[in-house]
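**Q** One structure, pasted below without further comment.
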Amino acid sequence: VDLATSDRIANGVLNFANILGQHLANGKTQIYSPLSIVHSLALLLLGAKGRSYEELSTVFDISDTSRLHEQFGLMLQDLQQPTREAISAGRPLTNWRASSAMRSNRRAQRPGAHEVHLANGLFTQTGYTLNPDYRRVIVEVYASDLQIQDFEGSPATARYNINAYVAQHTKNHIENIIASDIPQTTRMILANALYFKAFWETDFIESATRPDNFYPNGEGTEPVMRVQMMATGGAYPYHEDHELGCKIIGLPYRGNLSTMYIIQPFKSSVRELMALQKRLTADKIEGMISRMYRRAALVAFPKMHLTESVNLKTVMQRMGLGGIFSAVQNDLSLIATNEATRTNALGGNSLQNLEAQRRAGTGGGRSDLVVDDIVHKVDFTVNEQGTEAAASSVTYLKKSGPDVLFRGDTPFMVLVRHDPTKLVLFYGLINEPPAAA
């Protein structure tokens, strides 16, 4: 494991999340998986030359692309491991896990599923012969799938196949990722989705969930929304940053792997949260996480089930990553076989072969493979998950006065982060949680 490269990749994913969030910002709730989207972009970077390569590499800010792909592939492998022990040695513990004076309770070690499944499929029009080096890296380094579809001859079948692929890889949580007909002119579609399931280290107390107020425009203001508010108490990592004007609390999942971090401006509202998002960078967020430590806390947090589909084409064009969608500017000629890729197929290391092919310039002409769309869909649930802990949590509440009272009743940002790799699985702004049923 090369930690310096790993950290830069994780930083790139978080910065991408933040910039994408600013482009999507419309005052409504939004949630997406930056990791899943950046995984797709890495697959394109691998096959890109010229301007497309320049554009996509800005996401990662790493000049040694072979190392980038090797390390990102390793991180994605580690991410999908069910236990801390199965992860590559050498990934350090987050500060608050390593040094907290208030040790987390033993419940953190209880068995409980920690599942992360990434689905990343690249679907290309029949008639293209794929570059064997590209195919090998996609499968071996990224554990992704390359499938040939006949968009031209039978677009309905292609749509069915892509939807089935994503449903199968997300345990049927994400269905119909492509909801409308696929144009017959389509050459390539990237479909990415992420399935995540984990249990809280300290459950919310099921009997304490009840309808409560949520204030999008700030506490005590109109309009007031009614949401299902959950409650719990325990030792939670926490930090207040007076320079940035916000607080951050972590709700750890069982198994010492992932945490949901909630960042909330001190006097939060839709407008305040948007302003905070503009001030935040990956380094600032990581800086806050590194300064957290466990405090006795009472937490009130809305129960949520969010589904979101993001059509990334228009947003990415606004972010300066639009070249891959343009027949004129795009150059993904390392994906399919042409003269240049044939002459440089040296045998041996496919990543190095692709580098050599990229440096060989435009021999063999640009490919007309162009990305028609990147489709992304998220299904995100936050609930009490289990009642085992109810009794002991309740006594905890009575026994010790909390240092911290954290109320998720005004807008907040949410990040689900895989702590060993620092990769952000989900990123969202919760301006209006789902209304209480």
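**Q** Is it the case that the stretch 307-328 has a residue that's assigned to a loop (DSSP other than H, G, I, E, B), at pLDDT 95 or above and either touching a Lys or Arg at 6+ places or on another chain (Cβ under 8 Å) or in the same structural domain as Asn176 (by TED's automatic domain parsing) (or both)?
**A** Of the residues in the stretch 307-328, the ones assigned to a loop (DSSP other than H, G, I, E, B) are 319-322, 326-328.
Going one step further and asking which of them are at pLDDT 95 or above, we end up with none.
The answer is no, given that none of the residues of the stretch 307-328 is assigned to a loop (DSSP other than H, G, I, E, B), at pLDDT 95 or above and either touching a Lys or Arg at 6+ places or on another chain (Cβ under 8 Å) or in the same structural domain as Asn176 (by TED's automatic domain parsing) (or both).
**Q** List every residue pair whose Cβ atoms lie under 6 Å apart, where the two residues are 6 or more positions apart in sequence or sit on different chains, the first residue falls within the stretch 243-258 and is closer than 15 Å to Phe196 by Cα, and the second residue, located anywhere, is among the acidic types (Asp, Glu) and at pLDDT below 95.
**A** Pro252/Glu201; Arg254/Glu201
**Q** Which condition does His23 not pass, out of (1) under 19 Å from Met316 (Cβ atoms); (2) buried (at least 16 other Cβ atoms within 10 Å of the Cβ), if it passes all the others?
**A** (2)
**Q** Return the only residue of Arg359, Arg342 being surrounded by fewer than 17 Cβ atoms within 10 Å (Cβ to Cβ), among the charged types (D, E, K, R) and modelled with pLDDT of 85 or more.
**A** Details: Arg342 fails: modelled with pLDDT of 85 or more.
Only one candidate passes the filter, namely Arg359.
**Q** Next question, about the same structure. Give the residue, chosen from Val13, Val59, Val38, that is buried (at least 19 other Cβ atoms within 10 Å of the Cβ), free of Cβ contacts under 8 Å to residues at least 60 places away in the same chain and in the same structural domain as Glu140 (by TED's automatic domain parsing).
**A** After applying the criteria, what remains is Val38.
**Q** Moving on. Anything in the stretch 264-296 that is outside any helix (DSSP H, G or I) and of a type outside the set (A, V, I, L, M)? List them, or say none.
**A** Step one: filter the stretch 264-296 for residues outside any helix (DSSP H, G or I), giving 264-269, 280-281, 291-296.
Those that are outside any helix (DSSP H, G or I) and of a type outside the set (A, V, I, L, M): Gln264, Pro265, Phe266, Lys267, Ser268, Ser269, Thr281, Arg291, Tyr293, Arg294, Arg295.
**Q** For Thr221, state whether it is over 29 Å from Leu41 (Cβ atoms), polar (S, T, N, Q) and free of Cβ contacts under 8 Å to residues at least 60 places away in the same chain. Before the answer, list the steps.
**A** Values: over 29 Å from Leu41 (Cβ atoms): yes; polar (S, T, N, Q): yes; free of Cβ contacts under 8 Å to residues at least 60 places away in the same chain: yes.
Yes, satisfied.
**Q** For residues that are β-branched (Val, Ile, Thr) and more than 30 Å from Met230 (Cβ to Cβ), scanning just the stretch 278-329, find the one that is surrounded by the most Cβ atoms within 10 Å (Cβ to Cβ). Can you show your working first?
**A** Taking the stretch 278-329 first, the residues β-branched (Val, Ile, Thr) are 281, 285, 289, 299, 307, 310, 314-315, 324, 328.
Now narrow it down to the ones that are more than 30 Å from Met230 (Cβ to Cβ): 281, 314-315, 324, 328.
Working: Thr281: 14, Thr314: 13, Val315: 18, Ile324: 27, Val328: 8.
Ranking the candidates gives Ile324 first.
**Q** Could you grab me the full set of residues in the stretch 177-192 that are in a loop (DSSP other than H, G, I, E, B) and touching a residue at least 24 places away in the same chain (Cβ under 8 Å)?
**A** As a first pass, look at the stretch 177-192 and keep what is in a loop (DSSP other than H, G, I, E, B): 177-187.
Ile177, Ile178, Ala179, Asp181, Ile182, Pro183, Gln184, Thr185, Thr186, Arg187, listed by residue number.
**Q** Still on this structure, please answer the following. For the structure I just gave you, tell me whether Glu240 is among the acidic types (Asp, Glu), in a loop (DSSP other than H, G, I, E, B) and either outside the structural domain of Asn26 (by TED's automatic domain parsing) or touching a residue at least 24 places away in the same chain (Cβ under 8 Å) (or both).
**A** Working: among the acidic types (Asp, Glu): yes; in a loop (DSSP other than H, G, I, E, B): no; either outside the structural domain of Asn26 (by TED's automatic domain parsing) or touching a residue at least 24 places away in the same chain (Cβ under 8 Å) (or both): yes.
No.
The values are calculated or read from the model by the stated rules, or taken from the named source; none is laboratory data. Note that this is a predicted model, so its numbers are computed, not measured. Using ideal geometry, Cβ is built from the backbone for each residue, glycine included, and neighbour counts are taken over all protein chains shown.
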